[in-house]
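Derivation of every value follows stated rules applied to the coordinates shown; laboratory data play no part. What you see is a predicted model, and the numbers here were worked out from it, not measured in a lab. Positions of Cβ are backbone-derived with ideal geometry, glycine not excepted, and every protein chain shown enters the neighbour counts.
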Amino acid sequence: MLSRKGLVPEDYLLTRLAEDVLAPRFKPVQRKARFVAKNGSCNVAHTNIREQGRFLQDVFTTLVDLKWLHTLVIFTMSFLCSWFLFGMVWWLVAFAHGDLDRRRDDFVPCVTDIHSFSSAFLFSIEVQVTIGFGARMVTEECLSAIVVLILQNIVGLVINAIMLGCIFMKTAQANRRAETLIFSKHAVISPRNGKLCFMVRVGDLRKSMIISATVRMQVVKKTTTDEGEVVPLDQIDLQLDNPVGTNGIFLVSPLVICHVIDRTSPLYELSEQDLQSDSIEVIVVLEGVVETTGITTQARTSYLSEEVLWGQRFVPTVSEEDGIYAVDYSKFGKTVKVATPSCSAKRLEECMLLPILLEKLVHFTLACSATSKKKSISPQCKLYK
């Protein structure tokens, strides 16, 4: 891993390389299975799929989704099988025309210098790979040989187009760009602008930008509807605090993505103690268009309850040095403790509203006592009563 070599700090995780580290000898017992792994892969197994033929209807996508070993095996076998098949066809053409046992000097074969199946196989390779023949070449004696020549060239072009296109797509997949999109190892909950907020940090290690970058957050947890239906993976969106009004970001330097825990948030009634006991998972999705290729890419990660730090915030990573802004990635995942109430956002809001309500109550009481001396009841007193 890059972090073990000193190239990448251990305070943040690469989206695709996060799980390549050596596993500890004794793994901690997780209270909840991840829906999305730290490296972005989805922990979902598709079973009992009966209509397997649907995958063959889209052969190209199926080949792209295969592992590299399987793709290389199919790539090699497709050429070997086509060479062997057309080698057999060329041998049959030569055998039917009598090219293998010709005796006259003025005999014109269909294909010159074919004496056995080995020479027919070599000629098949020459036809499919290049048209620049050596001693073996097709003559105008046989129409069938010309037809086979045309068919093999067409088949060879189709195989080249499919297999080379498949390998190109596998090497230029959009998830490769996501290797340099990073997330903080932990999420934090702390006050910001007087409100309790859930925050994570995202960054991009490359200088080439992600155009139209957007960030989305979702809470995945087990819920039960009013009718008693159990939803094992209920996905609830989290509204992000963005002055623009959208989830779009300008990802030039590391950014702290903030979700204000308000009345509409599923974390509204979550306290520090509840965070340790509840099994929730927050999924963060970063997607955008790669500037150099124009391909849409997506990076994902998730945070379980034990990966959320209560009462901490991220330290700054950007500083101005010699007229430029320098980003110190060694501070990317570092946090500091801040004064944070351990109660939920709902309880905190009630505590903040209590002095206001008491002040209004005193104001109404004084207003009513003043009007009672005048033997007249004001509209405010009527409303208060």
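If you take the square roots of the eigenvalues of the alpha-carbon gyration tensor of the stretch 65-185 and sort them as a ≥ b ≥ c, do you get rounded (a/c under 1.5), prolate (a/b over b/c) or oblate? Because a/c hits 1.5 or more and a/b exceeds b/c, the stretch 65-185 counts as prolate.
Chymotrypsin sites (Phe, Trp or Tyr not before Pro), restricted to the stretch 65-166: which are DSSP loop and have at most 13 other Cβ atoms within 10 Å? Numbers along the way, then the final one.
Working: sites: TRP68, PHE75, PHE79, TRP83, PHE84, PHE86, TRP90, TRP91, PHE95, PHE107, PHE117, PHE121, PHE123, PHE133; in loops: PHE107, PHE133.
For chymotrypsin sites (Phe, Trp or Tyr not before Pro) across the stretch 65-166 that sit outside H, G, I, E and B with at most 13 neighbouring Cβ atoms in 10 Å, the list reads PHE107.
Note on the stretch 68-171: dipole from Cβ charges, positive end direction compared against ALA96, PHE123, LEU72; the farthest Cα belongs to LEU72.
Among SER124, SER212, a tally of other beta-carbon atoms within 10 Å of each Cβ gives an order, fewest to most, of SER212, SER124.
Which FRET efficiency, nearest 0.05, do MET88 and ASN153 yield, Cβ-Cβ r, R0 25 Å? Please report the intermediate quantities before stating the final value.
Numbers: r = 17 Å, r/R0 = 0.69.
Efficiency, rounded to the nearest 0.05: 0.90.
The phi torsions of the stretch 145-160, fed into the Karplus equation with coefficients 6.51, -1.76 and 1.60 and a -60° offset, translate into couplings of 5, 5, 5, 5, 4, 5, 5, 5, 5, 5, 4, x, 5, 5, 5, 4 Hz, rounded to whole numbers, with Gly and Pro shown as x. Which loop chymotrypsin sites (Phe, Trp or Tyr not before Pro) in the stretch 250-316, with loop taken from DSSP, have no more than 12 other Cβ atoms within 10 angstrom of their Cβ? When the chymotrypsin sites (Phe, Trp or Tyr not before Pro) of the stretch 250-316 are filtered for loop state and at most 12 Cβ neighbours within 10 Å, PHE250 remain. Each of LYS221, LYS170 has some number of other Cβ atoms within 10 Å of its Cβ, and from fewest to most they run LYS170, LYS221.
Restricting the GluC sites (Glu not before Pro) of the stretch 212-285 to loop positions (DSSP other than H, G, I, E, B) with no more than 11 neighbouring Cβ atoms within 10 Å leaves GLU227, GLU229.
Compute the Cα gyration tensor for the stretch 134-210, then decide on rounded, prolate or oblate, letting a ≥ b ≥ c be the square roots of its eigenvalues: rounded whenever a/c is under 1.5, prolate when a/b is larger than b/c in the other cases, and oblate in all that remain. Show your work: numbers first, answer last.
Numbers: a/c = 7.91, a/b = 5.55, b/c = 1.42.
Verdict is prolate for the stretch 134-210.
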